[in-house]
Every structure is written in C-alpha cells, then in structure tokens.
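Since the structure comes first, as structure tokens, the remarks are kept for the end.
The values are calculated or read from the model by the stated rules, or taken from the named source; none is laboratory data. Worth saying up front: this structure is predicted, and the values here are computed from it rather than measured. Backbone-built Cβ (ideal geometry, glycine too); neighbour counts: all protein chains shown. To get the accessible areas, we keep the full protein, side chains included, count just its heavy atoms, and leave off ligands, DNA and RNA. Shrake-Rupley method; radii C 1.70, N 1.55, O 1.52, S 1.80 Å.
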Amino acid sequence: MSSSFERLELLSEHGSFGGVQRFYKHASGEIGLPMRFALYLPPQALAGKKVPLLTFLAGLTCTEETFTMKAGAQRMAAELGLALLMPDTSPRNTGVDSEDHHWDFGVGAGFYLDATQAPWSGHWCMESYLLKELLPQVVNEFGVNADRMGLFGHSMGGHGALTLALRHPGRFTSVSAFAPICAPTQCPWGHKAFTGYLGQDESTWAAHDASLLMAQQNSAPYPGGILIDQGLADKFLAEQLHPEALEAACAQVGQPLTLRRHEGYDHGYYFISSFVDDHLRHHAAALSAA
C-alpha cells in the first residue's frame with residue numbers, strides 16, 4: 001500500500017462486524033506535529049467498493065478513541081456501508097507551557113478552527129488539518145468516495161461539524177450533531193476559546209458560530225435536512241449549548257432542521273449511543289442520494 005501520508009503508522013487493527021477498526025498515527029504538516037486518528041472500514045470497503053465517508057468530531061477532553069470505543073457505531077456503519085473517520089480533538093505535546101492547564105481550552109479543546117493568536121497559532125490549526133490534510137489524504141489512501149462525505153459531532157465537535165459544514169459549502173453532503181454548541185459567541189466555552197484562539201476582537205468570532213453562519217445563508221445549505229439530538233437532562237444545555245439560536249436561524253433561512261429534545265438524557269455517551277443509529281441512517285440516506 002503506497003501511502004500519501006507522511007510516515008503513516010498503523011497502531012492497532014481490530015475486526016469489527018465484518019469490517020476493520022484501525023488506529024493510526026501520522027506526521028501532520030498543517031499541525032507540525034504527529035496526529036492520531038481512528039478509521040472504521042466496513043466490509044464493503046474491504047471488498048473494493050468506494051464507500052461514503054462519515055467523519056465524527058468529538059467533544060471537549062476527548063480523543064480519537066472516545067466515539068470509536070463508546071458509541072457502538074460500527075455495527076450500523078457495516079450494515080449501511082459507511083466508513084467512519086474519528087480524528088483527535090487537538091494537537092498534543094506542543095511545548096506550549098499552558099496547553100493542559102484547562103480542561104476546556106488547549107489540549108483536547110481545539111474547537112475545529114485555526115488559531116490566530118500566539119502561542120496557539122503555531123499548532124492549533126484544526127480546520128486546516130481536517131479540510132486540507134486529513135480528509136484528502138484519507139480519500140487518497142483508503143479509496144473512499146470523495147463526492148459522498150458527511151460530517152457529525154458531539155458538543156464542541158457538534159459545533160465543529162455545523163460550522164465546518166457551513167464554512168465549506170459543497171464539501172459535505174450531510175450534517176448532524178449531538179448536543180452541539182450552537183452559539184459559541186453567546187456562551188462561556190465559546191468566549192474562552194475564541195478569546196484565546198482568535199483574540200479580543202469579537203467581530204472575528206462570528207465566522208465560527210453556527211447560528212450566525214446559518215442566519216447569513218441566502219437559502220437552505222442542506223435542503224435534505226439537518227438532524228440534531230439534545231438531551232433535556234444535559235447539565236450544559238441552558239448555559240452552553242443554545243439550540244434555540246440555531247433553530248431560529250434555520251427557520252429564518254428555510255433550512256429544514258429536525259431538532260429532537262429527549263427527556264432524561266444527559267450530555268454523555270449513553271445518550272449518543274442511544275441515537276447514533278438514527279444519525280448513521282440520516283447520513284446514509286443523504287449520501288446514497290448524492
């Protein structure tokens with residue numbers, strides 16, 4: 001297998017539902033450091049078919065292992081013929097003294113943007129890493145279908161999925177999220193991240209706020225619909241997530257949105273694993289029609 005990745009290293013491989021779950025490490029040019037990712041290839045891909053690629057962006061404190069090991073997504077991905085890509089949430093071991101001083105900023109908290117402020121701008125380039133490097137290289141290396149890609153995520157990763165899908169029109173066919181940070185310009189997590197990564201000028205923050213980005217659309221960017229699941233027992237709902245802001249923005253521009261609010265569900269992976277099959281079916285339907 002000739003690799004388009006620089007020093008692509010297979011860390012482990014596990015058979016799963018007729019496909020294979022792999023964990024990789026590679027040297028990233030965009031980040032300037034080694035990065036890790038997980039990739040599930042369904043049995044259809046192992047048989048030589050160019051399958052759709054669905055990328056999951058994880059939340060604060062998570063790694064490429066979190067969704068991979070906790071969500072139980074491989075069974076349905078195998079049934080539907082979807083490859084699953086799970087990148088890490090930030091650079092690690094960067095040499096920045098304060099990189100791990102806060103659980104919601106720095107390591108494990110890349111917010112899927114390119115930092116413009118020192119010292120973070122040196123390595124915290126997650127948007128460029130994903131869009132310019134990881135996705136193209138996965139397409140080239142593993143033969144997945146570049147014209148049928150979906151994006152979803154959880155919490156900070158839900159923010160990432162929504163904003164990247166809106167910031168890069170035409171790149172993704174489908175988008176969904178679990179308990180996303182819908183209006184980071186209006187919540188403490190967003191204020192902390194944006195001040196640190198983007199600076200004090202709040203006019204630069206709007207480009208990374210899904211609700212504001214959606215409100216700027218001239219028409220529905222995802223006419224097939226966006227799916228969001230939100231637990232009503234989520235302790236972060238009132239202060240940090242603000243799904244009502246995205247709901248209003250979608251209504252304003254005519255974007256179909258299925259926002260499901262669930263009694264008794266919190267912010268964690270019991271919640272995600274309860275509804276992950278619905279998200280995989282949502283993406284499979286859109287990607288099969290692409």
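Restricting ALA109, ALA58, ALA118, ALA83 to those that are of a type in the set (A, V, I, L, M) and touching a Gly at 6+ places or on another chain (Cβ under 7 Å) reduces the list to ALA58. Criterion applied to ALA27, ALA45 was being modelled with pLDDT of 95 or more and crowded, with 17+ Cβ neighbours inside 10 Å, and the one residue passing it is ALA45. For region 1-24, the set of residues classified as at pLDDT 95 or above and open to solvent by 50 Å² or more (accessible area, probe 1.4 Å) consists of GLU9, LEU10, LEU11, GLU13, HIS14, GLY15, PHE17, GLY18, listed by residue number.
Summed over region 147-169, the residues that are touching a strand residue (DSSP E or B) at 6+ places or on another chain (Cβ under 9 Å) and either free of Cβ contacts under 8 Å to residues at least 12 places away in the same chain or of a type in the set (Ser, Thr, Tyr) (or both) give a count of 1. Screening region 261-283 for residues that are part of a helix (DSSP H, G or I) and without any contact (Cβ under 8 Å) to a residue 40 or more places away in the chain and picking the one that is most open to solvent (accessible area, probe 1.4 Å) gives TYR270.
Taking the listed residues PHE172, PHE236, the one that is among the aromatic types (Phe, Trp, Tyr) and touching a residue at least 24 places away in the same chain (Cβ under 8 Å) is PHE236, with no other qualifying.
In region 188-215, which residues are within 18 Å of ALA118 (Cα to Cα) and either outside any helix (DSSP H, G or I) or among the aromatic types (Phe, Trp, Tyr) (or both)? Within region 188-215, PHE194, TYR197, GLY199, GLN200, ASP201, TRP205 meet the criteria. Close contacts from region 79-103, counting a first residue that is free of Cβ contacts under 8 Å to residues at least 24 places away in the same chain and a second that is of a type outside the set (S, T, N, Q) and open to solvent by 10 Å² or more (accessible area, probe 1.4 Å), with Cβ to Cβ under 7 Å and a gap of 6+ residues or different chains, come to GLU99/VAL107; ASP100/VAL107. Among (1) assigned to a helix (DSSP H, G or I); (2) in contact (Cβ under 8 Å) with a residue 24 or more places away in the chain; (3) farther than 25 Å from THR61 by Cβ, which single condition is ASN218 missing? Failed condition: (1). What are the residues in region 224-260 that are assigned to a helix (DSSP H, G or I) and open to solvent by less than 50 Å² (accessible area, probe 1.4 Å), if any? Residues satisfying the conditions are LEU237, GLN240, LEU241, PRO243, ALA245, LEU246, ALA249, CYS250, VAL253.
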